[in-house]
Amino acid sequence: MAITEMAELSAILKLTDEEKAWNPDGANTLPLLISDDVEELLDIPAIRRQFVPSGKENDDTTCSLDPQEEKEHQGTERLVHRYRNRAAFFTTDRCFAYCRHCFRRRFTGHLSGPATTREIEEAAAYIREHDEIREVLLTGGDLFTLSDEKIDQMLSIFKKECPAVILRLCTRSVAVYPERITENLIEIIKKHMTGAPFFLMTQFNHGAELTEKAVHAVSLFIDSGIPAYNQSVLLKGVNDDEKTLIELSDRLLMARIKPYYLFQGDPVRGTEHLRVSIERGLEIEKNIRKELSGLGMPQYTADLPQGGGKVILTHTYYRGHTIENGKDRYLFDTPDGETRYYPE
């Protein structure tokens, strides 16, 4: 059974004073929910830090609960249209386990429940009427907390109304509750694999999360023709060191999952203790780029406040240009710290 109370958690863990100080009724926090699969990994500090609440969540009141201003970009009740060519549909507010770094804590775990048929149809109609939208993220919450029947209905509606729109299946379930990915669920998804493709978007933040069960769950999608991409979050005390991130990328590739994004933690109220400085993030990005191929290198990315959108954060190798013998030459650092000139 999933853990939902601190008393249950204290029966299996020796809680720190910081963890004991967590107030579940605080305005800046999320409910406690730890799945059985996560419970098995709680002896690993990097996993514990992601799922066990901290009193620091209650203390942090400096940032917004909606720094990306998703509310300001709502196309319909459940659809956010913040980028011209893509939109996000909130399938549900529920997850199988609540990550303490969640950037959507204003919505997640607040008992609004699954999207209704009316809300799905409204969103699909909006997408149909806005032909600039070419991709839709089915997110939340976690799409796969819905029943097979509800997922079937939702995909049917979206595929009927906007068959040329790519659907991203955004889920943490493969990491925290992989048994949810059943053959029946995959068969339901395969029924709708006409028109634009599906893409699976996972979130693995640490190599330990890539258990045998998790890798198998992802393989069910990949073997059905659905590519898998991973979006990690850079988290203090979890993966904010080069060795951990290199190992994570290597393990993802071995599981046939493309490391896609390494997100700077969003400035969301209640998460300050988990955010890494951008200065340190850029240092990490520079160092892991020396060790990873292009296939294994995620894009270090920040989602700017006030709905500013995503920007890539990277070390600058370009150092300017010179003219020698009447010819332009561009000056670059190499990843190893040497200097090279590139001819015009």
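Things to note:
- Choice from 154, 201, 254 showing the highest fluctuation, given a GNM over the chain with Cα pairs closer than 10 Å: 254
- Dividing the convex hull volume of the alpha-carbon atoms in the chain by its residue count gives 154 Å³ per residue.
- Rough spin-label spacing in nm, given labels placed 7 Å along Cα→Cβ, for residue 184 and residue 243: 4.5 nm
- Entry note, the chain: relative contact order of 15 percent, from Cα contacts under 8 Å with a spacing of 6+ residues.
- Two-site FRET efficiency, residue 84 against residue 324, from Cβ-Cβ distance with R₀ of 41 Å, rounded to 0.05: 0.40
- Stretch gain in nm, segment residue 216-residue 74, where the contour uses 0.36 nm per residue and the Cα spacing is subtracted: 47.5 nm
- Average accessible area per residue (Å²) across the chain - probe 1.4 Å, nucleic acids and ligands excluded: 47 Å²
- Length available on full extension from residue 61 to residue 331: 0.36 nm per residue minus the Cα-Cα distance, which gives 92.7 nm.
- Length-normalised contact order of the range 208-344 in % [C-alpha pairs under 8 Å, at least 6 apart]: 18 percent
- Within the accessible area of the chain (1.4 Å probe), percent carbon and sulfur: 51 percent
- Each of the peptides 88-100, 184-196, 108-120, 131-143 was scored by the mean count of other Cβ atoms within 10 Å over its residues; in descending order, highest first, they stand as 88-100, 131-143, 108-120, 184-196.
- Max mean-square fluctuation residue, GNM over the chain, Cα-Cα springs under 10 Å, options 66, 303, 17: 17
- Estimated 222 nm signal from helices in the chain, with DSSP H stretches of n ≥ 4 weighted -39500 (n - 2.57), rounded to 500: -8000 deg cm²/dmol
- Too-long pairs where the Cα-Cα distance tops 31 Å, listed order kept, from 14/258; 159/258; 258/286; 159/290; 290/310; 14/150: 14/258; 159/290; 14/150
- Placed amide H near residue 233: partners under 5 Å, 5+ positions off or other chain: 263
- Solvent exposure, largest accessible area first (probe 1.4 Å, DNA, RNA and ligands not counted), of 129, 121, 212: 212, 129, 121
- Size descriptors for the range 65-183 (Cα atoms only): Rg and Dmax, in that order, 13.7, 39 Å.
- Average Cα contact separation per residue, the range 53-99, under 8 Å, 6 or more apart, as relative contact order %: 19 percent
- Mean projected area (nm²) of the alpha-carbon convex hull when the range 177-248 is viewed from all directions: 5.4 nm²
- Most mobile listed residue (165, 311, 218) in the chain, GNM with C-alpha springs under 10 Å: 311
The values are calculated or read from the model by the stated rules, or taken from the named source; none is laboratory data. If you're wondering where the values come from, they're calculated on a predicted model, not measured in any experiment. Cβ atoms come from the backbone with ideal geometry, glycine included; neighbour counts cover every protein chain shown. Areas reflect the complete protein model, heavy atoms only, side chains present, ligands, DNA and RNA absent. Shrake-Rupley method; radii C 1.70, N 1.55, O 1.52, S 1.80 Å.
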